[in-house]
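Here's the structure, in structure tokens; my notes come after.
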Amino acid sequence: MMTSRRSSTSLVALFLASIATTSSFLNFSTAAVLAFAPKISSSSRRQGKSSIRHTAVSFLGDASSTVATKTTTSLSSSRDQAEEFLSTSYPQFYYLLQQNPIALNLMRNSKAGFAVFAPSDAAIAALGEETCNLLNAACNDPDMQPVIAKMASYHIVNAPMSSELLCKYGVASTPGGELTVQSNYNNSDDNGTTIMFDNGVSILASYEFQDELVQNVQDVNGNLMESSVVGGGKTCIVHEVDGFVCPEGLWGVLYEYFGEGSAAVY
């Protein structure tokens, strides 16, 4: 009996000692964790879930390090090229556009591109001195600005309307209104087809400008992996015509306003 009591006492003592040791270890572990754990500021506590979300994103970023990004850069603008071509090759008509910001902005802001029917300087001079003076007077008269703007708007299509599309559909939709065109096949013509508007004005030549786009592929560190030329940019077309394509009735408004100084325009 004495031996059994001593054994029981020893077991109790060992049990209490183990509890004390475990408690010390837990206290030490807790202290170590608190010592090495990052301190959370009051602002971090307020954000709570947001901080966890940011951490998750950073881990996802590490896991998706092989994902590449694609960016498209424009090397040249077809709109700028076409407008510069207009200003240098058709200065008198471009002056007419400059006098009409509404028509010019319609051309510049077109998302897909545009087509312009541009009379050459020779075609404008062929109208005669009196008609050219009448046109200049109208450009400088505030009361005639709506008429001039209307005339200019008939020379712009807010889409890259090529000669092939004009032949196919037989109509050009402009901000001023629709223009009917006719196409006649001519064996002696180098182009093979003559495109003529209802008032007898013809397209002499067409010039096409396209955006030059380059697509760059980069890794997550910004290193260039691949670069290639891609399509999908704007297309701008300048059709040289041998006269104004706007309705002759607009010229009649100018003559009526400034007086009957001459006969027909054409």
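The values are calculated or read from the model by the stated rules, or taken from the named source; none is laboratory data. This one's a predicted model, so the numbers in the text were calculated from it and none came from an experiment. All accessible areas refer to the heavy atoms of the entire protein, side chains included, with ligands and DNA or RNA removed. Shrake-Rupley method; radii C 1.70, N 1.55, O 1.52, S 1.80 Å.
With respect to residue 184, determine if the residue is open to solvent by less than 70 Å² (accessible area, probe 1.4 Å) and modelled with pLDDT under 95.
Values: open to solvent by less than 70 Å² (accessible area, probe 1.4 Å): no; modelled with pLDDT under 95: yes.
Criteria not met by residue 184.
For residue 113, are the conditions met, namely being modelled with pLDDT under 90 and open to solvent by less than 20 Å² (accessible area, probe 1.4 Å)? Don't jump to the end; show me each part of the working.
Working: modelled with pLDDT under 90: no; open to solvent by less than 20 Å² (accessible area, probe 1.4 Å): yes.
When the stated conditions are applied, residue 113 does not pass them.
Look at region 60-79 and say how many of its residues are at pLDDT 70 or above, open to solvent by less than 80 Å² (accessible area, probe 1.4 Å) and not hydroxyl-bearing (Ser, Thr, Tyr).
Within region 60-79, residues that are at pLDDT 70 or above, open to solvent by less than 80 Å² (accessible area, probe 1.4 Å) and not hydroxyl-bearing (Ser, Thr, Tyr) number 2.
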